[in-house]
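The values are calculated or read from the model by the stated rules, or taken from the named source; none is laboratory data. Everything quoted here is computed from the prediction, not taken from an experiment. Note that we place each Cβ from the backbone using ideal geometry, even for glycine, and neighbour counts take in every protein chain shown.
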Amino acid sequence: MTDAPSLRFVVPAGIDDPRRVSGGNVYDRHIRDGLRHRGWEVDVCEAADAGDAASVLRGAPDGSRVLVDGLVAGWAPAAMEEAAGRVRLTVLAHMVTAAFADATDAAIDAERRALASAHDVLVTSEWTADELARRGLADSDRTVVAVPGARQAEPPTPSGEGELLCIGVIAPHKGQDTLLAALARLSADDWTCTIVGSGEVFPEFAAGIARQAHALGGRVRLAGVLDERSLADEYRHCALLIAPSRVESSGMAIADARARGIPVLGADAGGIPDALAGGGGLLARPGDPAALAAALETWLSDPSLRARLRREALAARATLPTWRDTVSRVAAALEAA
């Protein structure tokens, strides 16, 4: 009888905290649970800061297999470099820090060092792999793409074509300000928009979003963080998901919408075009309220376009990877590391 494969999985603190919903946390949970279901022994180590990250890495047994969430890896590049000589080190990169306009030189350098120390790099989209290679951060021969899985759900039953939904932490890179500025430009008034996501990470930006929403006279609802059941209700009543991000590696909300056959209006940024490659989506220039407003006007005014996008979105459901597929990709990469 062979021993079960084992893994130390280093993640940000609170990945199971319902108040800290993020695409990265959801992905990490699926990988943890999926590997355990396959018989792996997964030792999850949470890190709240650089000190925690360094301690966990230094405590990893020599020769062990260690998977580090990219956020944590960037906190402790020196500990990553030290661990690389003792353990089988893989980084799970959910994003490319250097792609953010406000990234500091220190954060960019920490990302570079952390990725350079890894034997392999797991990424969640082809765009991320290409961007890491383009920036000289990770060669393609040590990068493995494992796109987020999706669990098919019933198609929505919106009460109108103007039932709009946007999901993601309230943050500059997520582009909620662009969305609200676009909504303010619409000539039509037969729409409502629900924005789901935490405003605690960037409170000043979130306060500005609240002011923009208030100016639209009650047609925008800031729902905050929702539990799984409440979020499913929002999807059930959604006619169009909007993903206005300035930077996005893949977009978990897009995958969830695709699993329900919901059309998506996304920014032409990062991994969003790849996520919509199967049809059922529209793209607009990122950070451009006028372009986003024009796309929304088209959606609201063109029944034939809506019908086509819905057909494409429903057809695309069958082509989506499952979380089992994602975990299989991750497991194979870890076994080969």
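Descriptive notes on the structure:
- PRO172 being surrounded by fewer than 22 Cβ atoms within 10 Å (Cβ to Cβ), of a type outside the set (Val, Ile, Thr), farther than 19 Å from ILE31 by Cβ and assigned by TED's automatic domain parsing to the domain that holds GLU228: yes
- Unmet criterion (only one of (1) of a type in the set (A, V, I, L, M); (2) over 20 Å from the mean Cα position of the chain (by Cα); (3) surrounded by fewer than 16 Cβ atoms within 10 Å (Cβ to Cβ)) for ALA84: (3)
- Evaluated against (1) without any contact (Cβ under 8 Å) to a residue 24 or more places away in the chain; (2) touching a strand residue (DSSP E or B) at 6+ places or on another chain (Cβ under 7 Å), GLU204 falls short on exactly one condition, (2).
- Restricted to segment 203-284, the set of helices (runs of 4 or more DSSP H) holding at least 1 residues that are within 18 Å of the chain's Cα centre (by Cα) and aliphatic (A, V, I, L, M) comprises 228-236, 252-258, 272-275.
- Candidate set from segment 107-129 (those that are among the hydroxyl-bearing types (Ser, Thr, Tyr) and touching a Gly at 6+ places or on another chain (Cβ under 7 Å)); member that is surrounded by the fewest Cβ atoms within 10 Å (Cβ to Cβ): SER125
- Apart from one condition, GLY251 fits all of (1) surrounded by fewer than 24 Cβ atoms within 10 Å (Cβ to Cβ); (2) closer than 19 Å to LEU320 by Cα; (3) of a type outside the set (Asp, Glu); the exception is (1).
- From the list GLY280, GLY270, the one residue that fits, being more than 19 Å from CYS193 (Cα to Cα), in contact (Cβ under 8 Å) with a residue 60 or more places away in the chain and crowded, with 21+ Cβ neighbours inside 10 Å, is GLY270.
- A count restricted to segment 184-238 and to residues that are closer than 19 Å to GLU163 by Cβ and not charged (D, E, K, R) stands at 26.
- Total residues in segment 103-140 satisfying the condition of being in a loop (DSSP other than H, G, I, E, B) and of a type in the set (A, V, I, L, M): the figure is 4.
- Test: residue in segment 323-331 that is surrounded by fewer than 24 Cβ atoms within 10 Å (Cβ to Cβ), of a type in the set (Ser, Thr, Tyr) and either assigned to a strand (DSSP E or B) or outside the structural domain of HIS94 (by TED's automatic domain parsing) (or both): no
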